[in-house]
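First up is the structure itself, then whatever we jot down about it.
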There are 2 protein chains.
Amino acid sequence: MCEECGCESPKRILMPKRPVKLDLNQPVLQVNQDHAQKNRELFARHGVRVINLISSPGSGKTTLLQALAKRLGPRMAVIVGDLQTDRDAVRIREAGCQAVQIETQGACHLDAQSVGEQIERLDLSQVELLVIENVGNLVCPASYDLGEHEKVALLSTPEGDDKVLKYPSIFCRISTLVITKTDLFPYLDFNPVRAEEECRSLTPQVVCLRVSVKEGTGLEALEARLLGR
Amino acid sequence: MCEECGCESPKRILMPKRPVKLDLNQPVLQVNQDHAQKNRELFARHGVRVINLISSPGSGKTTLLQALAKRLGPRMAVIVGDLQTDRDAVRIREAGCQAVQIETQGACHLDAQSVGEQIERLDLSQVELLVIENVGNLVCPASYDLGEHEKVALLSTPEGDDKVLKYPSIFCRISTLVITKTDLFPYLDFNPVRAEEECRSLTPQVVCLRVSVKEGTGLEALEARLLGR
């Protein structure tokens, strides 16, 4: 669809920047799936656990990763997706771990191929946890397997407690729901129990966590969860 | 792209639910453009001004429209887009104006055809202002002309003042930037001047407004702007 996003729209496929061979019987998502499988094999070879982190713009993905980078240092690495700018990768590197940026040039999600290309830029020898910070978007990234072990979604308190059932395509696929910016509870009408219950109605086994980077709460539990402990 | 979104992905085009005739030389966006042109003619016939309202999930689109509905009553009507649920249309109707819901069944943006189908469900005889509340997404809706007079974007203070240059595809196309939830200024590191200056660097003629529905500030100026005064 979205021509401006540079996604796999029909127009882009008809007029690709680089020549590509298309098998019209093979859906785009199958091509992505093949690359995701290659990524999965690579992650297994390196013994690294991989999280695909998804949320709306401004839900606090980068701020959370800065806080985790300070705790985990070289044990964590990050691949950051943004439409434009490398602001987020710079912030995460400054906090103490490796980070590489994918500028999607307008595309609304990361795909497995572009993630695979970035893995080669990372030194994974000391890395236990690789977090892929997806483009800020609650819709499109849900459909693209990047080869990750788990998808984790953030929902920030200012977004409202009604968002889970409004954006089910992501919330039905996650292992962990992280409610962020809980320090704003006193100033907002956000009922975390409602969001968590609606998430469990889609994904009964989901683990729900609450975090405030500002107050430093919930980070230990989140770190353990992301490391698979 | 996004198969789960139900967008015009290659897979959907290869296996449509309803038979469609595709001219492979005609890009998808051109088809949308033709429907947008029909919508534009319809809006002109009814003498109604139309705004395409775009933001991240949870930036306060519906809350803002509730506040405007209380002020404008039957002079305003709303077409609401959401992946699922009709929660937003119900809220806006309760506030006092006509509202119809498009459930996109997972699609990440509204298109001109689906908007055109909803217009017929509205009685536009008393309506001066029609607001199309797009799906909560800062990326994909930017590419789709719905036949509107202007695109207006919301940026809520909790999302952060760095979002304009990270999501330029929408912020370069708007007539008006509305910074929402300004009542949260005391609790956040949000510099509205930075966001506004970055927006003007993309769109020099953009008008920037600041609104807090909670405190009732900025609504008069926004109402005048949306009505084209």
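With the requirement that a residue be small (G, A, S) and touching a helix residue (DSSP H, G or I) at 6+ places or on another chain (Cβ under 7 Å), what does the stretch A:60-84 give you? Residues satisfying the conditions are A:A67, A:A69. Going by what's in this entry, would A:D162 be described as within 11 Å of chain B (Cβ to nearest Cβ), within 30 Å of B:S212 (Cα to Cα) and open to solvent by 10 Å² or more (accessible area, probe 1.4 Å)? Yes. The one condition from (1) more than 10 Å from every other protein chain (Cβ to nearest Cβ); (2) not in a loop (DSSP other than H, G, I, E, B) that B:I174 does not meet is (2).
Once the stretch B:147-156 is narrowed to residues that are within 21 Å of A:Y167 (Cβ to Cβ) and more than 7 Å from chain A (Cβ to nearest Cβ), the residue that is surrounded by the fewest Cβ atoms within 10 Å (Cβ to Cβ) is B:L154. Among the criteria (1) farther than 16 Å from B:N52 by Cα; (2) among the hydroxyl-bearing types (S, T, Y); (3) open to solvent by 10 Å² or more (accessible area, probe 1.4 Å), the one B:S175 does not fulfil is (1). Scanning the stretch B:105-139 for residues that are farther than 28 Å from B:L188 by Cα, within 11 Å of chain A (Cβ to nearest Cβ) and open to solvent by less than 20 Å² (accessible area, probe 1.4 Å) yields B:G106, B:A107, B:C108, B:H109.
Look at the stretch A:54-65: where a residue is more than 8 Å from every other protein chain (Cβ to nearest Cβ) and a partner is part of a helix (DSSP H, G or I) and surrounded by fewer than 24 Cβ atoms within 10 Å (Cβ to Cβ), sitting 6+ places away or on another chain with Cβ atoms under 7 Å, you get A:T62/A:D88; A:T62/A:R91.
Reported count of residues in the stretch A:178-187, each being of a type in the set (A, V, I, L, M, F, W, C), outside any strand (DSSP E or B) and either more than 22 Å from B:G160 (Cα to Cα) or open to solvent by less than 30 Å² (accessible area, probe 1.4 Å) (or both), is 1.
Taking the stretch B:188-203 as the range and being outside any helix (DSSP H, G or I) and more than 21 Å from the chain's Cα centre (by Cα) as the test, the residues that pass are B:L188, B:D189, B:F190, B:N191.
Taking B:G116 as the residue in question, decide whether it is in contact with a helix residue (DSSP H, G or I) (Cβ under 7 Å, 6 or more places away or on another chain), at pLDDT 95 or above and more than 22 Å from B:A221 (Cβ to Cβ). Yes, satisfied.
Based on what the data block shows, is B:D82 at the interface with chain A (Cβ under 9 Å from one of its Cβ atoms) and at pLDDT below 95? Taking the combined requirement at face value, the residue satisfies it. When the test is whether a residue is without any contact (Cβ under 8 Å) to a residue 60 or more places away in the chain, within 13 Å of chain B (Cβ to nearest Cβ) and touching an Asp or Glu at 6+ places or on another chain (Cβ under 9 Å), A:R75 does not pass it. Scanning the stretch A:209-228 for residues that are in contact with a Leu (Cβ under 6 Å, 6 or more places away or on another chain) and open to solvent by 60 Å² or more (accessible area, probe 1.4 Å) yields no hits at all.
The values are calculated or read from the model by the stated rules, or taken from the named source; none is laboratory data. These figures come from a predicted structure and were not determined experimentally. Ideal geometry is used to build each Cβ from the backbone, glycine not excepted, and the neighbour counts take in all protein chains shown. Keep in mind that these areas ignore ligands, DNA and RNA; they rest on the heavy atoms of the full protein, side chains included. Shrake-Rupley method; radii C 1.70, N 1.55, O 1.52, S 1.80 Å.
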